[in-house]
1. Please report, in whole Å³, the volume per residue of the convex hull around the C-alpha atoms of the stretch 21-75.
2. If you count, for each residue, the other Cβ atoms within 10 Å and average over each peptide, how do 96-103, 50-57 line up from highest to lowest?
3. Could you calculate the contour length gain from Ala10 to Ser75, that is, 0.36 nm times the residue separation minus the distance between their Cα atoms, to one decimal place in nm?
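Taken together, the values in this text are just the output of simple stated rules run on the coordinates, not laboratory data. Note that the structure is predicted; figures quoted are calculated from it, not measured. Note: ideal-geometry Cβ built from the backbone for every residue, glycine included; neighbour counts use all protein chains shown.
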Amino acid sequence: MKRITAALVAMVIAMVSLQGCYGKMALTKKVYQVNGQVGDRFLRSLVTWVFIIVPVYQVSALVDFLLFNTIEFWSGHNPVAQGEKDFQFSENGDTFKVHAKKSGDTLRYTFNRYHGDTYLDTLTIDWNVKSGNSVAALREGSELTRFEATRANGGVQVTSSAPGALNAGRQMTALYQ
């Protein structure tokens, strides 16, 4: 009788705590992204089989469903997905794959630009939301150009390591209201 009562109580608690618990499944998506980052399609297929045989997908889905999605249901925030977003857009024949991540007061945006299937460059921007200052790095092949933007004198002061535009010591100020 005690076992039946305990089982019924556990079922009622599970039904109440998990009702409407359809969340982001962020942990499972991250595991899937790890598999998707494998470049060779045959190796990716092998990794998929390994993740199925060694129940990586199943465990991540179970942890997502029982723990993280329940936390998301009650608090409104998924601790795994918090602060990250991937999206892409196209303009003038170029495709931009963007990864945005928030960590504390810093937002990091990483833009990978492609023309068709050809990789062109990567722009990474770190922006401090409290101070308004940002640091950016543009990687084109083996060349790296750094930019820094700081609030100063009612505007923004931008410095760059670009060889032709803003040499070390030269600065450009853009005022904004």
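1. 59
2. Ranked from most to least packed, the peptides come out as 96-103, 50-57.
3. 21.2 nm
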